[in-house]
Structure formats: C-alpha cells, structure tokens
Amino acid sequence: MPLLLTGKKFHNDLKTNKCLAIFAPLEGGYETRLLRRMRAKGFKTFITSARGLGDPEVFLLKLHGVRPPHLGHQSVGRNGALGEVQQVIPQASELFNENDKNKLLWLLEGQVLSQSELESLIEICTNDNKLTIVVEMGGSRKLEWKPLSDYIFNEFES
C-alpha cells in the first residue's frame, strides 16, 4: 500500500506521460485518494464524467453552442424547428483560471469514449504542457494504470 501513502509513482508516471488510462477496483475510493495526493503536489484538479462529452476539445476547453431540448409548442416564426443556440462555458473552465498551476482533469467512465476521442485527449495534453488527463477505463482487481497511447494501441489495434 505504499502507493496510497505517497502517490509518488503515479505522480511521476503522470508527469512523464501526461495522459493516463487508469483501472481501479469497482468499490471506489482510489480516485479521491489520488486526487488528494495530486492536490498536495500542487495540481489544480477537476473531476467529471466522460458520458455526454461529445467533442472533447470543444466541450472541455472552448466556448460552444448547444440547443435546448424541444419542449413542444414553440413559435414557428423565430427558430421554431431548431431552437435557439445557447452559448455554454467549457466544462473544464475552472481549471484554466490560474495559469501558473499544473492542471489535472480526471474523466470517469472513459470506456464510453471512442478511439478518436481518446486520441484527441492525448492531443489536448500535448498542446497544453500544464494540463494532464487521467481517464478511468474500467475496473480491475487492483489499482493499475498505463499511458493512454499504449492503451489505445493495445485495445483498438488488436
């Protein structure tokens, strides 16, 4: 259990690879322990679900428009069929308020993401050298992780 006491190996792997796929026991608790260790090492952290993410780069980092659900009777004269586009701030906008800190984005339920979405997460990490991403890719009997690029190569190329 020395990993859970310090988180040093996880921190070093995160620093070198910048984007990790993690497999944790399903009873939970590991993500909050590791997040706490990373906060103690100076990271600003943000945890969210990967479900409904859409285009990761746009939904996480850029101002984007969404259309509200159609609720029945609406005026046909003004955007009746489509609805008005509402501008939404990026989901991870609170990470980017401080530019001097290292940032850690933790995505839960990452197994729903496609190969191209996972590749775009890696590209986001390479473009911003202060941003690191951890994607939970499923359960395991023990806590383990690997670089997301290795996971994509092994999972989707076989």
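The values are calculated or read from the model by the stated rules, or taken from the named source; none is laboratory data. Predicted model, so just to flag it, every value in this text is computed and none were measured. When we count neighbours, we look across all protein chains shown, and the Cβ atoms used for this are built from the backbone with ideal geometry, even at glycine. SASA here: full protein model, heavy atoms, side chains in, ligands and nucleic acids out. Shrake-Rupley method; radii C 1.70, N 1.55, O 1.52, S 1.80 Å.
Here's the yes/no breakdown for (1) polar (S, T, N, Q); (2) modelled with pLDDT of 90 or more; (3) not in a helix (DSSP H, G or I):
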| position | (1), (2), (3) |
| --- | --- |
| GLN91 | yes, no, yes |
| GLU94 | no, no, no |
| LEU104 | no, yes, yes |
| LEU107 | no, yes, yes |
| ILE133 | no, yes, yes |
| LYS146 | no, yes, yes |
| ASP150 | no, yes, no |
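Just to be sure, is GLU57 acidic (Asp, Glu), modelled with pLDDT under 70 and surrounded by 11 or more Cβ atoms within 10 Å (Cβ to Cβ)?
It is false that GLU57 is acidic (Asp, Glu), modelled with pLDDT under 70 and surrounded by 11 or more Cβ atoms within 10 Å (Cβ to Cβ).
Taking the residues in the range 114-127 that are in contact (Cβ under 8 Å) with a residue 12 or more places away in the chain and closer than 15 Å to LYS103 by Cβ as candidates, determine which candidate is surrounded by the most Cβ atoms within 10 Å (Cβ to Cβ).
Out of the qualifying residues, it is LEU121.
Spot the failing condition for LYS8; the list is (1) farther than 22 Å from ASN99 by Cα; (2) open to solvent by less than 40 Å² (accessible area, probe 1.4 Å), and only one is missed.
(2)
Would you mention how many residues in the range 1-29 are in a helix (DSSP H, G or I) and at pLDDT 85 or above?
10
If you go through the range 109-131 one residue at a time, how many are assigned to a helix (DSSP H, G or I) and in contact with a helix residue (DSSP H, G or I) (Cβ under 7 Å, 6 or more places away or on another chain)?
8
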